[in-house]
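Laboratory data are not the source of any read-out in this text; all were calculated from the coordinates shown. All values derive from a computational prediction rather than experimental measurement. Neighbour counts run over all protein chains shown; Cβ positions are idealised from the backbone, glycine included.
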Amino acid sequence: MLLKTILFLIFSNFILASTIQIAVSANVSYAMEELKKEFNRLYPEIKVKSSIGSSGKLTAQIENGAPFDIFLSANMKYPKKLYEDNFAITRPLVYAKGSLVLFSIKPRDLSQGVNLLTNSDIKKIAVANPKTAPYGTATVDALNKINIYNKIRDKIVFGENISATFNYALRATDVGIVAKSLLFAPKLKDRFKKGKNWIDLNSSIYEPIKQGVVILKHGYKNKDVSLFFSFLFSKDAQKIFREFGY
């Protein structure tokens, strides 16, 4: 009798358990882990799985049938396109605003701002690929706005997404222009200092990047998907975004 009860409870939990699949822009990767923890504190029976990548590549996967329920993009362009092409069932909403920083693993005199990039001792610069990563588009637009992109383009090493770009800046290049949120990873936030390792890009050369989220067709009528979507706009979730530099 006891064995039957245990098996019944296990089977019941299996049936009741739900898994939602989320496509997540690379710049949100660290914040997403904290968001999942907080969500599961509220809804422990719902499993949340996330796939990390560039917004452009994730969009292509969704258009080719990838079974994602929610898409957190690094801009509004991709979720808007998915909505207009009937891959998403909700209009894109802004869940966070991202920002750019000039980053160096080696302490530097950053008082020059992005003009530092033209110095002869800066040989390689990590930048996200503007063809697939919204943070790359914002970076290239900002550098063009101050007329230094063409001066430094031969130094640029493009990363497929902003996370890969940050890895280049950590291991392979002299400096990088990366998402501020990546500096707030648990293992890194106390390692690098503002003014020595990084500075915010001047807000006059670019606008904070509006990041959009949509519920996709695969998540249609799934109440657990709707719960997570709503959670992203809660006070608890927005606090987590602020803690990660948004």
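Of all the options PRO67, PRO134, PRO44, the one that moves most in a Gaussian network model of the chain with Cα springs shorter than 10 angstrom is PRO44. Run through region 38-120 and list the GluC sites (Glu not before Pro) located in a DSSP loop whose Cβ has at most 16 other Cβ atoms within 10 Å. Filter output for region 38-120: GLU45. Under 1.5 on a/c is rounded, so check that first for region 100-200, then, if it is not, pick prolate when a/b is larger than b/c and oblate when it is not; a ≥ b ≥ c are the square roots of the alpha carbon gyration tensor eigenvalues. In terms of gyration-tensor shape, oblate. Applying Stokes-Einstein at 4 °C and 1.567 mPa s to the Kirkwood radius of region 48-148, computed over alpha-carbon pairs, gives a translational diffusion coefficient of 82 µm² s⁻¹.
Note on the chain: GNM, Cα springs under 10 Å; of LEU110, LEU102, LEU72, the largest mean-square fluctuation is that of LEU110. Given R0 = 35 Å, the distance between the Cβ atoms of ILE89 and GLU243 translates into a calculated FRET efficiency of 0.70. Shown for ILE215, ILE240: other C-beta atoms within 10 Å of each C-beta, ranked fewest to most, produce the order ILE240, ILE215.
Under the combined filter of DSSP loop state and at most 10 neighbouring Cβ atoms within 10 Å, region 128-187 retains these trypsin sites (Lys or Arg not before Pro): LYS187. Build a GNM of the chain with springs between Cα atoms under 10 Å: which of ASN150, ASN222, ASN86 gets the top mean-square fluctuation? With Cα springs under 10 Å in the chain, the top fluctuation among ASN150, ASN222, ASN86 is at ASN150. Among beta bridges identified by DSSP and lying wholly in the chain, the antiparallel ones come to about 45 percent. For the chain, the gyration tensor built on C-alpha atoms gives a prolate shape. Its axis ratio a/c (a ≥ b ≥ c) is at least 1.5, and a/b is the larger of a/b and b/c.
The distance linking region 102-134 with region 46-79 is 28 Å (Cα centroid to Cα centroid, whole angstrom). Between rounded, prolate and oblate, where does region 201-246 land on the alpha carbon gyration tensor, with a ≥ b ≥ c its root eigenvalues, rounded for a/c under 1.5, else prolate if a/b exceeds b/c? Oblate is the answer for region 201-246, as a/c is 1.5 or above yet b/c matches or exceeds a/b. Extension gain for LYS123 to LYS196 (0.36 nm times residue separation, less C-alpha to C-alpha distance): 24.4 nm.
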